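Below is one structure; the comments refer to it alone.
The values are calculated or read from the model by the stated rules, or taken from the named source; none is laboratory data. Note that the structure is predicted; figures quoted are calculated from it, not measured. Quick reminder, even Gly has a Cβ in these numbers, built from the backbone with ideal geometry, and neighbours come from all protein chains shown.
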Amino acid sequence: MRKIITLLFLASFGLTNAQQAFKGKGDAKFNVGANFQDGGSGIQASADFGLGENFSYGFVATYLLGVSEFSGVYGGNTYINAKPEFADRFDAKFRINANLSSVIGVQQLDIYPGLSLGLRNFGGQLGGRYFFSDGFGIFTELGFPIAKYSKDTEAFDHLNNQTTFSIGASFNLD
């Protein structure tokens, strides 16, 4: 019973002291967290900068740390215990977002759909940020490709070129 009361207290404290998730023009956010996708997991870092009340631009980079080895035939090539190289593990993107916290009427929660242009594809993302204090919050994102640049003929072309899920910490930079 004591654990339940403590959990409820912490949750209510976090909700009552929560801060504005997106302030508009001049706002700056930094996210860092874990990235999960089929065939690997890694780290993701992103930065977003407010251009207007509901619009931001930013950059995101992903590096896969844990990647499955591949043995077999793929795209006419034979692989034996193949591991991806740096270029297969890394991805970087420029992105734009529509920040909807003022639209949905919840200042502490920023829902942001957007589009991205990266090294591997043109894609989109749907994310959310919740701030517990003026400087710290959590984020989650779902990223997906709309148009892929590769013909998917190499064993690791799918890495960073598929639906991904990220979760982590968000920091206010302004």
What is the one condition in (1) surrounded by 15 or more Cβ atoms within 10 Å (Cβ to Cβ); (2) under 18 Å from Ala47 (Cα atoms); (3) more than 12 Å from the chain's Cα centre (by Cα); (4) among the aliphatic types (A, V, I, L, M) that Ile138 does not satisfy? (3)
Would you confirm, using the coordinates I've provided, whether Tyr79 is modelled with pLDDT under 90, assigned to a strand (DSSP E or B) and surrounded by 13 or more Cβ atoms within 10 Å (Cβ to Cβ)? yes
Where Gly105 falls short, out of the listed (1) on the phi > 0 side of the Ramachandran plot; (2) touching a strand residue (DSSP E or B) at 6+ places or on another chain (Cβ under 8 Å); (3) not aromatic (Phe, Trp, Tyr): (2)
Which one is farthest from Thr62 (Cα to Cα), of the residues in the range 151-174 that are surrounded by fewer than 16 Cβ atoms within 10 Å (Cβ to Cβ) and among the charged types (D, E, K, R)? Asp174
Quick check on my filter: what residues within the range 84-119 are in a helix (DSSP H, G or I) and surrounded by fewer than 21 Cβ atoms within 10 Å (Cβ to Cβ)? Phe86, Ala87, Arg89, Ser102, Val103, Ile104
